[in-house]
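Notes follow the structure.
The values are calculated or read from the model by the stated rules, or taken from the named source; none is laboratory data. On a predicted model such as this, the values are computed, not experimentally measured, just so you know. Positions of Cβ are backbone-derived with ideal geometry, glycine not excepted, and every protein chain shown enters the neighbour counts.
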Amino acid sequence: MQLYHITINNLRRRKAKMFFVLLGLIIGIATIVSVYGVVETMKTEMTRQVSEFGVNVIITPDAGGLTFSYGGITLPEIMYDVEQLNTADVEAIDKLPSRNMIRVVAPKLLGVDMHGEHKVIIVGANIREEFLVKPWLKIIDDTQLQKVEVNINEGTEKSNETNEEINDKKMDFEAIDLTRQDLEELNLSNNQILIGSTVAATLKVTKGDVLTLSGQELEVYGVLSVSGTMEDQQIFMNLGAAQELLGRSDEITVIEMAVDYLSGSEEDLLSEINLALPNTRVTSLRQETLRRDEMLMRMVRFGIALSTLVLLVGMLVVGLTMSSSVRERTREIGVFRALGFRKSHIVKMIVMEGVSISIVGGFLGYFAGMFITGYAGPLLAGMEIQVPWRIDILFIAIGLAVVIGLLSSLIPAYQASKQDPVEALRFI
Amino acid sequence: MSEIMISLKDIRKTYKSMGDEVEALKSVTLDIKKGESVSVMGHSGSGKSTLLSIIGALNPPTSGIIEIDGIDIYKLSQEKRADFRREYLGFVFQQFQLIPYLTAHENVMLPLTTTKRSNKEKREMAEEVLCRVGLGNKIKRLPNQLSGGEQERVAIARAIVNEPPLILADEPTGSLDTKTGDEIMELFQKLNEEGLTVLMVTHNPDNTSYMGRTILMKDGQLSLDEEDFVSVYSNKKV
């Protein structure tokens, strides 16, 4: 027989009390694990979203704006003295001293045209750059298109099936990631277009169909998969072709850029742009990123505060329960001492009790925490999050529980070892 | 090697109670030889239990010297004194004081827990000693599954498992019926015949007949007054 036999037998006897300690530990560890899990996953998710949203600097024409207000009712801003951007501005960007910070420059021209009785939005752009800064742009592949075509045709025959329903069906299809894997193959001629999913459904066109815009016949190169963004309602074509089609030669509506802020100074780059393009308005989305970081940091701080509080409460629960358990065992400890147990043996037994419950508590708390993160995390975070099982967190949870168990059982253990055996045996 | 097992020289013990000093023991001097069996009698508050706790290396006296087998036990550190208790003393407490969540076998193994013996050796030693006290067939039982007499036997087995030279017993038959009490006293007598020194505190005058010598305590002192003996034997306060 060893000391741990006594510890284990004692734990088995005091099931209710030990369950209470265990519950306190499980709640504490589960809270810490779930708060950490949610914050960590949100951090990853937000970082991913920010990096996925490649555009972080937008250059638009500078223009005056007037806002009219009548007794609290404000009319939309009326723009005047609008000075358009042009291809020379794009060339000016290429000559900036901090050009190396700019990963992608995506100029585009926006315009409206008519197809039959439908108004359509034309976007003239350098298609590859556009796909680079908007990774969610994907082209539906041929087999999927055939299915979509069938669905669309069926939709035509069955008048009760709406365009929305057809759109929903399209959303089921997995799009090929041309943007990343096969960008080299993405070559549009000047009489080809890429068409957004909503426009394709509205106009009932698919790959290979021909659309007539401003009297010019344009072949549908591909249909974009549903992205839930404004691109679903747009028709993409080469910038030069769009300028010619819309009769706005050399004109550019907006220049979007993907900037790597880590490779240089944001302030330097923005001042260089302002200097090179004096009649433009430069908007940096860096501030948005910083705002998200700040929000995340607040959550992290809140998580740390909450975890610390829970940790302290957990220690208190374990400590008080262990302390009361030691008091109940006064006589028993007196007997142990009389039978030749050293003070250190008594300390070992009490600490072993605290630590063994803590290991179980840490283990169960980890799984409870992961369960909470998996199910309540998306609700708390307000976003869809995937929580990976992490072995390092399991060890941290157990380690933390052991530290709680150790710290909170040290005082009761010390109290027990200090008990005067004569006093203890006076109960006899 | 000394022939004296217990040597008390001018032992005094005072407690502080409610601000007052209470003298529990007043200059007790006593020698008990190896292999002797001694019963200590006296009324409640006479200092019997204090004397037992001092001899048991649990309660340092206020003054005086106490040696067990030639060792001045209160010169030892607290931890060494714990080791001394384990090696030299076997305690039999009033109301058995068995650990309720351990079986009879495990209770008997308790004094061996912190020794360097192997688990197998500890198990065998405990089993053998339980057989000696007639409980070889009940080793897996918990204390609440045993009768009072059986629990007392487990307590005695626990006291002798470590083969100590001295047994200290505090009212070992106090909660037993007469027949069982007699059986337990016969067991103590047998252990004494096997060479163990036995010191027993008892209220029961019948138990003294199993012991070689009886010491009487009155008001914290040893008494040799015949009247006191009569009083204690007849359980009357003098």
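Within the stretch B:1-40, restricting attention to residues that are in contact with a helix residue (DSSP H, G or I) (Cβ under 7 Å, 6 or more places away or on another chain) and among the hydroxyl-bearing types (Ser, Thr, Tyr), which residue is surrounded by the most Cβ atoms within 10 Å (Cβ to Cβ)?
B:SER39
Just to be sure I understand, how many residues within the stretch B:84-102 are within 9 Å of another protein chain (Cβ to nearest Cβ) and closer than 17 Å to B:PRO143 by Cα?
Within the stretch B:84-102, residues that are within 9 Å of another protein chain (Cβ to nearest Cβ) and closer than 17 Å to B:PRO143 by Cα number 9.
So which residues in the stretch A:1-23 are more than 14 Å from every other protein chain (Cβ to nearest Cβ), touching a residue at least 12 places away in the same chain (Cβ under 8 Å) and surrounded by fewer than 24 Cβ atoms within 10 Å (Cβ to Cβ), if there are any at all?
Answer for the stretch A:1-23, where residues must be more than 14 Å from every other protein chain (Cβ to nearest Cβ), touching a residue at least 12 places away in the same chain (Cβ under 8 Å) and surrounded by fewer than 24 Cβ atoms within 10 Å (Cβ to Cβ): A:PHE20, A:LEU22.
Any residue at all in the stretch A:337-347 that's more than 14 Å from chain B (Cβ to nearest Cβ), crowded, with 20+ Cβ neighbours inside 10 Å and over 22 Å from A:ARG14 (Cβ atoms)?
No: the stretch A:337-347 contains no residue that is more than 14 Å from chain B (Cβ to nearest Cβ), crowded, with 20+ Cβ neighbours inside 10 Å and over 22 Å from A:ARG14 (Cβ atoms).
Here's the yes/no breakdown for (1) at pLDDT below 80; (2) in a helix (DSSP H, G or I):
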{"position": "A:TYR4", "(1), (2)": "no, yes"}
{"position": "A:ILE27", "(1), (2)": "no, yes"}
{"position": "A:THR31", "(1), (2)": "no, yes"}
{"position": "A:LYS43", "(1), (2)": "yes, yes"}
{"position": "A:GLY54", "(1), (2)": "yes, no"}
{"position": "A:ILE59", "(1), (2)": "no, no"}
{"position": "A:ARG103", "(1), (2)": "no, no"}
{"position": "A:ASP113", "(1), (2)": "no, no"}
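Among what's in the stretch B:55-79 and is at the interface with chain A (Cβ under 9 Å from one of its Cβ atoms) and not in a loop (DSSP other than H, G, I, E, B), pick the residue that is nearest to B:LYS13 (Cα to Cα).
Selected residue: B:GLN78.
Are any of the residues in the stretch A:372-393 on the phi < 0 side of the Ramachandran plot, in contact (Cβ under 8 Å) with a residue 24 or more places away in the chain and either touching a strand residue (DSSP E or B) at 6+ places or on another chain (Cβ under 9 Å) or within 14 Å of chain B (Cβ to nearest Cβ) (or both)?
For the stretch A:372-393, residues on the phi < 0 side of the Ramachandran plot, in contact (Cβ under 8 Å) with a residue 24 or more places away in the chain and either touching a strand residue (DSSP E or B) at 6+ places or on another chain (Cβ under 9 Å) or within 14 Å of chain B (Cβ to nearest Cβ) (or both): absent.
If you check B:GLU152 against the conditions, is it without any contact (Cβ under 8 Å) to a residue 40 or more places away in the chain and assigned to a helix (DSSP H, G or I)?
When the stated conditions are applied, B:GLU152 does not pass them.
Taking the stretch A:193-241, which residues are out of contact with any strand residue (DSSP E or B) (no Cβ under 8 Å at 6 or more places or on another chain), farther than 22 Å from A:PRO107 by Cβ and among the hydrophobic types (A, V, I, L, M, F, W, C)?
A:ALA201, A:VAL226
Select from the stretch B:103-145 the residues that are in a helix (DSSP H, G or I) and among the small types (Gly, Ala, Ser) and write down the one among them that is farthest from the other protein chains (Cβ to nearest Cβ).
B:ALA104
Is it the case that the stretch A:308-325 has a residue that's within 14 Å of chain B (Cβ to nearest Cβ), buried (at least 16 other Cβ atoms within 10 Å of the Cβ) and touching a Pro at 6+ places or on another chain (Cβ under 6 Å)?
no
Go through B:GLU186, B:GLU163, B:GLU106 for me and flag whichever is under 25 Å from A:SER344 (Cβ atoms) and surrounded by fewer than 16 Cβ atoms within 10 Å (Cβ to Cβ).
Step by step, each of B:GLU186, B:GLU163, B:GLU106 is checked, and only B:GLU163 is under 25 Å from A:SER344 (Cβ atoms) and surrounded by fewer than 16 Cβ atoms within 10 Å (Cβ to Cβ).
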